[in-house]
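This report refers to the structure that appears directly beneath it.
The values are calculated or read from the model by the stated rules, or taken from the named source; none is laboratory data. Model, not experiment: these values are computed from the prediction. Cβ atoms come from the backbone with ideal geometry, glycine included; neighbour counts cover every protein chain shown.
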């Protein structure tokens, strides 16, 4: 999830200290945390944050283990066509 709701950055501080009351002001606290989680991740100085795309991972691993190259190729084609 992304911070599409454009929650204020101060909510990250509320999350860190466990201020559920402040989080609840913006809706269901668990949903608010989900929205903030991606926005709260950042790399430390001198480092780069890398994001992995695990699209269809549940289908890709068994196909890879079974040697089903045709399925892996089809999954890759579907991804490109998006």
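Worth a mention:
- Within segment 45-72, the set of residues being surrounded by 10 or more Cβ atoms within 10 Å (Cβ to Cβ) and on the phi > 0 side of the Ramachandran plot comprises 56 only.
- All helices (runs of 4 or more DSSP H) inside the chain with 1 or more residues being touching a helix residue (DSSP H, G or I) at 6+ places or on another chain (Cβ under 7 Å) and modelled with pLDDT under 85: 10-17, 29-40, 57-65, 69-81
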